[in-house]
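Inspection log for the structure reproduced underneath, given as structure tokens.
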Amino acid sequence: MEMKDMEAMIPRQSMIYLGLCMFGVLLFIVLGVIPSWFSLNALERKIVGMKFQIEEQKVLAPLYKSVSSLPQKKGPVALPMPALERLETSRMNMIPERIGQIARDNNMGVISVLPDLKTITEDGQRLSVEVTVTGDFANLRKFLIGLNTVPYVESTKEISVRQEKNAQLFRIKLWIAVA
């Protein structure tokens, strides 16, 4: 009897309208509110990331300005390439002293400069010289450029690097043009 009383109180058509309205509200929440909530969370994460990047830029800006204001040193456009001259056999004793001077100019120490007489080519035009120096790897480039300025140094055949206790050991084999 209670069920009949309730049906009498709320008409059936009103119950259908109430169900449709509840379905509409639920549909609105599922299709409108929840995606917006996810999108809002994603945007908030992006905002936090952007704030971090802005703070990072504020911290790094003075460093960037100081580095960008430094004068930009440009190295030589071309390496020094003197015309090839042949070293007279009477002046072969100059090889160690010239290479030693280049090494000292570039903060490197000369251990040995050894001409290898067995490597004189058939026509007697080239001689192999093994140079052993110590120093920093940073100075090796300057040393090699300095060797390139010597007119009778024809080419570099081999470079080997070995770490010693407190410095690096460089072995360089050169071809010297001889007359």
Selected residue [over 19 Å from ARG86 (Cα atoms), assigned to a strand (DSSP E or B), out of contact with any Phe, Trp or Tyr (no Cβ under 9 Å at 6 or more places or on another chain) and not charged (D, E, K, R)] from LEU174, LEU169: LEU169
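Yes/no per residue for (1) within 28 Å of the chain's Cα centre (by Cα); (2) β-branched (Val, Ile, Thr):
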{"residue": "ILE34", "(1), (2)": "no, yes"}
{"residue": "LEU43", "(1), (2)": "no, no"}
{"residue": "LYS46", "(1), (2)": "no, no"}
{"residue": "MET50", "(1), (2)": "yes, no"}
{"residue": "SER112", "(1), (2)": "no, no"}
{"residue": "ASP116", "(1), (2)": "no, no"}
So, in the range 159-179, how many residues would count as being without any contact (Cβ under 8 Å) to a residue 24 or more places away in the chain and over 15 Å from SER112 (Cβ atoms)? 4
Residue set VAL110, VAL48, VAL67; condition among the aliphatic types (A, V, I, L, M) and touching a helix residue (DSSP H, G or I) at 6+ places or on another chain (Cβ under 6 Å); output residue VAL110
With the range 9-121 as the region, which helices (runs of 4 or more DSSP H) entirely inside it contain at least 2 residues that are surrounded by 10 or more Cβ atoms within 10 Å (Cβ to Cβ) and assigned by TED's automatic domain parsing to the domain that holds LEU169? 94-105
Based on what the data block shows, is GLY124 loosely packed, with under 13 Cβ neighbours inside 10 Å, in contact with a strand residue (DSSP E or B) (Cβ under 8 Å, 6 or more places away or on another chain), not in a strand (DSSP E or B) and not acidic (Asp, Glu)? yes
Considering only residues that are at pLDDT below 90 and either among the small types (Gly, Ala, Ser) or over 15 Å from ILE99 (Cα atoms) (or both), which ones fall in the range 136-162? ASP136, PHE137, ALA138, SER155, LYS157
Exactly one of ALA167, ALA177 is surrounded by 14 or more Cβ atoms within 10 Å (Cβ to Cβ), among the small types (Gly, Ala, Ser) and more than 32 Å from the chain's Cα centre (by Cα), and that residue is ALA177
Condition check for LYS118: of a type in the set (Lys, Arg) and free of Cβ contacts under 8 Å to residues at least 12 places away in the same chain: yes
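The values are calculated or read from the model by the stated rules, or taken from the named source; none is laboratory data. Quick caveat, the model's predicted, so the values are computed rather than measured. Positions of Cβ are generated from backbone atoms using ideal geometry, with glycine treated the same way; all protein chains shown enter the neighbour counts.
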